[in-house]
Structures are given as structure tokens and as C-alpha cells.
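Asker: Just dropping this structure here.
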Amino acid sequence: MPRMLDVSEDVRAEIGDAEADRLLIGDNAPGSYDCTSCRTPGDSEQERTSTVLFVGDETAVLAFAHATCIPSQVVQVAEEQLQGAVRSITGGEDSGGAAQPQGLSADQAVLGITSGLVLIDDELHPALVVEPTGAIARPGTDGSRGDEFLQLLLEQGFHPVHGMDQVPAVLNGWSILLAMGQLHAVLQPGTGGGAPVAWWQAHAPLQVTEGWRTAASKSQTVLVYAAPAGTIGQQPREDLLRDALDKAAADGLLVAAAMPLAGT
């Protein structure tokens with residue numbers, strides 16, 4: 001039976017016309033699937049469905065998503081990330097992670113990211129909290145000016161947070177890559193108007209809770225908070241994370257931006 005599939009030109013170019021046509025007429029395409037973005041069930045016989053091709057160095061995986069969640073596209077990921085994403089289908093988990101920030105000089109520091117839900121105006125919002133493991137220096141300097149992490153983010157368009165009672169403004173050009181229900185990267189605009197590049201990229205895809213995915217799927221937006229090293233810490237519960245965010249805001253040590261979901 002023909003499927004209600006969207007196959008983008010990029011996906012078609014990767015898999016070939018013959019395979020794309022087989023998918024569209026119902027061969028090699030599932031009727032039911034778990035959306036690679038929101039992880040809820042979908043049915044390609046009943047609703048518009050996007051084909052999403054994850055491409056690594058040696059591996060390519062074709063996945064499916066609600067067209068209302070993401071468009072059909074090719075997602076380039078590191079081979080180890082792709083393997084981790086495939087393993088995620090069997091339930092592998094990771095509660096947090098760190099990776100070298102792009103465009104910042106970190107003196108061996110990395111950016112740690114914690115996911116959680118924050119309550120603003122009686123509504124739960126999916127959030128990521130970014131905190132380096134050490135001081136961040138401006139690129140091209142020796143770090144003698146101290147930690148410039150917040151200043152660098154302010155120059156990128158983040159806004160100071162004075163209280164946790166308002167949703168941060170959207171930061172144009174930045175986005176969150178959520179693939180196969182896991183967090184892969186925070187993307188920033190490419191130079192010269194080029195394709196987005198990873199500002200932060202997980203060494204292995206990070207598992208987020210079902211509640212977080214549901215909230216992100218509903219709003220299609222993630223709130224990103226950032227604080228200097230040692231400000232937030234690894235909090236074991238969301239209420240403690242919120243307390244730490246409130247304190248950081250009160251102390252003038254918190255910036256934030258809202259970012260849309262990118263592709264997946």
C-alpha cells in the first residue's frame with residue numbers, strides 16, 4: 001500500500017531514486033513506527049511521515065518521523081554517535097554529558113549539559129543547563145582576563161536572566177538537534193551564512209526523559225540556560241536544579257536563550 005511519505009531531494013540523492021520510489025509505494029517502509037523525534041507512535045498509512053537519513057562515516061540509518069515534528073532531511077552525525085543512536089532503540093541511557101565547545105577557547109574545559117523541566121507561568125518547559133568544567137577564555141587570548149564565558153554568550157545573543165519567571169527570547173540561527181529521541185548537539189549559525197555547525201556536541205547521544213521529549217515536541221522549543229563553572233553543579237533532582245538556577249539568576253550569573261528544535 002502506498003505510504004504518505006515525504007522524501008526530500010537530499011534523502012533521495014543519498015539513497016537513490018530506486019530506493020526512494022520503493023519507499024513511496026510501500027516497499028521497505030513500515031506502516032507503523034516510533035517517531036525519531038518525539039518517540040511517539042506514527043502510521044505512514046494514515047499521516048504524513050518524514051524520512052530522515054542519519055549518515056555517519058561508515059553507517060547510514062533511515063528513520064521515520066511525524067511530518068509535523070520534522071521535515072525529511074539528511075542528518076550528518078559522527079559514526080560513534082550514530083552507533084549510540086542505534087543502541088538507544090534498545091534502551092541505552094546517559095543522564096548527562098560534556099563535549100568541547102566550538103568557537104571558544106576552553107583551556108581543557110568542556111561544557112557539561114544537564115536536561116530538565118522548568119516551570120514558568122504554570123507551564124513546564126524543556127530546558128538544558130550548560131556549565132563549563134572550568135574557566136572559558138576568549139579565543140586567541142591567554143586567559144589572563146579571567147572567565148569570559150558569559151560575556152562571549154552575551155555577544156552571541158544570549159540574554160541575562162534576572163529571574164526565572166519569564167521565558168527567554170528566541171536566539172535566531174541557534175537550534176537543538178534531537179535525533180532518535182536523544183540529544184545530539186546545540187547548533188549555532190555557520191560562518192558566512194553557511195550550514196549550522198555544532199557549538200556543543202555530545203560524545204555519545206544523551207538520553208532525555210519522556211516528559212522532556214513530550215514538552216519539547218509540544219513547544220518545538222528548548223530553553224537553554226548557561227552559567228560559569230561551579231555555579232550550578234550536577235543536581236540530582238529538578239527541584240534542586242531550579243533552586244540553583246534561581247540563585248544563579250539572583251547573583252547575576254545566568255544567561256539564557258530559547259532555541260527551536262533543528263530537524264530532529
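Here, each number is a calculation from the coordinates, and none is a lab measurement. Not measured: the values here are computed from a predicted model. All Cβ positions, even for glycine, are placed from backbone atoms using ideal geometry, and neighbour counts span all protein chains on display.
Asker: Less than 17 Å from a label point 7 Å out along the Cα-to-Cβ axis of Leu119: which backbone N atoms in the stretch 157-180 qualify, by residue?
Answerer: The answer is 164-167, whose backbone nitrogens lie closer than 17 Å to the label point.
Asker: Would you be so kind as to identify which of Met180, Trp200, Ala250 lies farthest towards the positive end of the dipole of the stretch 97-260, taking Lys and Arg as +1 and Asp and Glu as -1 on Cβ and the Cα centre as origin?
Answerer: Met180
Asker: Something else: Give me the percent of DSSP beta bridges within the stretch 125-264 that run antiparallel, rounded to the nearest 5. List each step's numbers first, then the result.
Answerer: Working: 19 of 25 bridges.
Of the beta bridges lying entirely in the stretch 125-264, close to 75 percent run antiparallel.
Asker: Then there is this: DSSP loop (so not H, G, I, E, B), at most 13 other Cβ within 10 Å: list which trypsin sites (Lys or Arg not before Pro) in the stretch 210-264 pass both filters. List each step's numbers first, then the result.
Answerer: Details: sites: Arg213, Lys218, Arg237, Arg242, Lys247; in loops: Arg237.
Hits after loop and neighbour filter: Arg237.
Asker: Looking at the stretch 5-76, send over the antiparallel percent of its DSSP beta bridges, to the nearest 5. Write out the running numbers ahead of the final one.
Answerer: Values: 10 of 16 bridges.
Of the beta bridges lying entirely in the stretch 5-76, close to 60 percent run antiparallel.
Asker: So, one more: Got a sec? How would Asp21, Asp6 order by Cβ neighbour count within 10 Å, fewest to most?
Answerer: Numbers: Asp21 12, Asp6 18.
Ranking Asp21, Asp6 by Cβ neighbours within 10 Å, fewest first, gives Asp21, Asp6.
Asker: Starting from the Cα gyration tensor of the stretch 5-76, take the square roots of the eigenvalues, sort them a ≥ b ≥ c, and report rounded, prolate or oblate (rounded when a/c is under 1.5, otherwise prolate if a/b is larger than b/c, else oblate).
Answerer: Details: a/c = 1.76, a/b = 1.22, b/c = 1.44.
Note, shape of the stretch 5-76 comes out oblate.
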